[in-house]
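Notes for the one structure printed next.
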Amino acid sequence: MPGLAAAQAPVSPSPSPAPSPAATAVPPAEAPCDPAKSPDCTTITANKQEKIDASHYRANGFVDLQFGDIRIQTDQIDVYTTVHENGTESKRIEASGNVVFLRGEERLAGEKLAMDLETGHGTFENAIGYMQPGVFVEARRIERMSADTYKIEGGHFTSCSQPTPRWSFSASSATLQVDDHISARNVIFRVKDVPALYVPYFMYPIQQDQRSTGFLIPHVGYSSTRGFNTGGGFFWVMGRSFDQTFYADSYSLYGRGFGHELRYLLKSPSRGTFRSYFIRRTGGGWEHDLNWSAVQMLPGHARATVYVQDSSTFNFNQQFQDNLDRALTRNRRSSISLQKTFFGLTAQALADSTDTIFDSTENFIRRRHLPSLTLTQSPRKLGKKLGLVLAFDSAAERLQQGNQDRIDDYKRFDVHPRLSRPFSLSFLQVNPEVQYRYTHYDASLGARDKLVGPPLDRQYFEGSLDLRGPTFSRVFSTPDNFYSERYKHVIGPEVNWTYRSKVEDFDAIPRFDYYDVILGTNQLSYALVQRLYAKRPGRSGKLEAYEFFNWRVGQTYYVDIADGQNEFDPNYSSAVFDASGNPSHLSPIQSRMRFRPTTAFTTNFDIEYDVNFHTVKSLGLSTNYNGSRFVTQAAWSRGKRLDPSQTLVNRNTIRGSAAFFVLPRRLTLQGSAAYDLINKEMVQSTARLRYDVQCCGFIIETLQSRFRDDRQYRFSIELANIGSIGSFMGDQTTGLGGGFR
């Protein structure tokens, strides 16, 4: 997403007003007045003052003139008074010699100044100074049109306060709107004193809130598959909470790209980002990538959501996405929903579509709700004495599913009430629950799995007992321990027994999602959970109990396996079979371990051990650290496909990323990598160097992708108050207006 160069130009050392001279003359006005209180009042102090004639007044030596919110200091000043036919007077001044103009934070110094005191219109010759809110200006001629508008000829501009600015630009002519922008013509950008870029027209934002309409600094780059590329953009501040960015890119080997992003941020939780990118290929034809996400509160406390993540083809997604997860995703998703809560019930209307693409030929499986109407109640107590808790889900849905050859359309109606009675003691928690589910399908699967059968009703009863505990604990005192002076070890079992009545005509049920593959079962899940706590300082500074270690080891025993109940258990990575290919009573042993010694450091280690094949089925290790000088995350994932004929490792990858703030707010190194241990090759690697100085930043990026055989290089510059564009379809996208006020 586009973001503003965050560095704000510091306030420069401004010319100090000269000390008030000892000699004080009577001001030209008829009677003494206070300029701060009366905008028409004009006062002058000087070493010497004289009246040349009836309309000409001169002051010399340490002259200090004040009128309204303006103050002018100079060596000599001439005041000319003009009497109009209606009896009113107007004053015009001409100042020369070390002229200093002060208004608020504005400071201008020059050789000469001519100004009409009635209108404030004036002209500075050979002027240099500081304009709100952080712009240094040097120009041959500056014409003050009004309090907010200046016209500048032969000007140089920068936000750097060094004697030799790190960056600046010059313009043959420009218009400066105070606290808004500078529009300039025939602009030459300079790095130090070296000319670097010419543009015929340029708009430079100078708003105090650092979100200003203007052009973004162009970026340049190279890709071995797309060729040389250049791009730029325009950022439009539509208001305090709305903005848009328009992009244009050119790829020498691929075509031209056009992007647009609309963002808004209203009262929480209302916010939205709509990013769209289109490419016109050199050989003809268009490609697109859409990434939309929005949440909007409506009258009556209703909530509307929109989500779209769609690319024209999977090949285009792989070709242009720099984010590895997005580049390898095979799904196209879109949804729109309207939700409202009343009397503890939540009603939702949802329409969505999900395409899962299998190969480059764009073969897919499609599933859609067109639409789905649901009514749910979260768990609610039925009276205080009974302690019963009621919850239910209900849905009426029109469903579509199929592939590129055939799409089936049918309706499903579902009701699912649940009633429980939890009991809780200090060392034991027990929660018995009963459920009933009724589902009506207006069609069923017939021959060759075609949706041609008659309507079908499915119903089942379910009872479960969830037991956590009894838990046992022990406290250890460790005086003078570097981490904590007290530790607590808590250990206890977790057991869940579930019985579900037999589901009739299971093979005839259309399978749209997980709810359609629920089978009758009798199963027992059990686990041993250990927790370690320490007394650590909390946010308030007081010692609090902090869980820094959690380890859960569990397994499921399927009493009934005749109907393949273990094939559809979502808690495990795949169906449960033994070495002969027959369903097994025992699931893999699942271990989940989390170590979090501080809020900045976390490590997770998950493993599944298959007791039937006597091998580790899947393994995952991840760690992340968020420090003030160093941020990193890394993950190792390994999995096996278990089959009676062979055991094959089908996943073994290492991924990681890191950012090292070598010099805080000055020099940053970033990088990421994904390595395939099976094929022993780097899937993708990135590196990024960012160097920030007082008023500009330089960014160099490189990216190598093995899966698309591509190597990229990018270079961009960010100036104070001006953003630049990174990769529009990657992780690093910057521009103007990094956030809303």
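Any read-out appearing in this document is the output of simple, stated calculations on the displayed coordinates, not a laboratory observation. Given the structure is predicted, the values throughout are model-derived calculations rather than measurements. Because the Cβ atoms are built from the backbone with ideal geometry, glycine has one as well, and the counts that use them run over all protein chains shown.
Quick notes on this structure:
- Given 51/91; 112/192; 340/411, the pairs whose alpha carbons are separated by over 21 Å: 112/192; 340/411
- Helical mean residue ellipticity (222 nm; -39500 (n - 2.57) per DSSP H run of 4+; nearest 500) of the chain: -500 deg cm²/dmol
- Comparing Cα centroids, segment 654-719 and segment 470-529 end up 41 angstrom apart.
- Relative contact order (percent, whole number), segment 412-559, Cα cutoff 8 Å, 6+ residue spacing: 18
- Eligible lysines near residue 535 by straight Cα distance, threshold 16 Å, same-chain separation 8 or greater: 488
- Order of 518, 142, 44 - criterion: other Cβ atoms within 10 Å of each residue's Cβ, fewest first: 518, 44, 142
- Gain on full stretching of the segment that runs from residue 265 to residue 689 - 0.36 nm per residue minus C-alpha separation: 149.6 nm
- The fewest-to-most ranking of 482, 67, 577, 320 by surrounding Cβ atoms within 10 Å reads 482, 577, 67, 320.
- Remark on residue 363: its backbone amide H falls under 5 Å from those of 358, a criterion applied only to residues 5 or more positions apart or on other chains, H modelled at 1.01 Å from N.
- Net charge over other residues, Cβ less than 9 angstrom from the Cβ of residue 522 (K, R count +1; D, E count -1): 0
- Rel. contact order, % - alpha carbon contacts under 8 angstrom, at least six apart, the chain: 9
- Highest average packing first - 165-177, 421-433, Cβ atoms within 10 Å: 165-177, 421-433
- Going by neighbour counts of Cβ atoms within 10 Å, the residues 311, 268 line up, fewest first, as 268, 311.
- Projected area averaged over orientations for the chain, convex hull of C-alpha atoms, nm²: 47.4
- Evaluated at q = 0.13, 0.26 Å⁻¹: base-10 log I(q)/I(0), Debye formula over Cα of segment 146-208: -0.33, -1.15
- Relative contact order (%) - segment 67-180, alpha-carbon pairs under 8 angstrom, separation at least six: 16
- Overall Cα dimensions of segment 425-550 - principal axes, largest extent first, Å: 74, 27, 23
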